[in-house]
Amino acid sequence: MANTARLAVVGSTELDARDQLSAKSAQLAALLRSIHGEGFGPFNALAPRYKENLLWLAADLACEVQSLVSMVDDGQG
């Protein structure tokens, strides 16, 4: 499935790009901790569709982090 990162920083009530980057990277780190090391056994016991969906989620988060890094590097955050 195609992954298109759609990130918008709008208005003062929205998180700025740095805050979004921090939040998304923390989410990705937590997700990856749950599927490797001690979490690998439970992850590996999941049905293939659940494993695929978790890895898809990790890939989506990684793409969002990458997009946010670009925004921050370009001085938009």
Practice item. Only residues in the range 42-68 that are under 30 Å from ASP19 (Cβ atoms) and free of Cβ contacts under 8 Å to residues at least 60 places away in the same chain count as the first member; pair them with residues that are in a helix (DSSP H, G or I) and hydroxyl-bearing (Ser, Thr, Tyr), Cβ under 7 angstrom, at least 6 apart or cross-chain, and list the lot. Key: VAL65/SER25
Point to revise | The one condition in (1) more than 8 Å from the chain's Cα centre (by Cα); (2) part of a helix (DSSP H, G or I) that VAL65 fails to fulfil | key: (1)
Exercise for review: Please indicate, with yes or no, whether at least one residue in the range 8-20 is at pLDDT 90 or above, closer than 12 Å to GLU64 by Cβ, of a type outside the set (Lys, Arg) and surrounded by 10 or more Cβ atoms within 10 Å (Cβ to Cβ).
Suggested key: yes
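The values are calculated or read from the model by the stated rules, or taken from the named source; none is laboratory data. For clarity, every value in this text was computed on a predicted model and none was experimentally measured. Quick reminder, even Gly has a Cβ in these numbers, built from the backbone with ideal geometry, and neighbours come from all protein chains shown.
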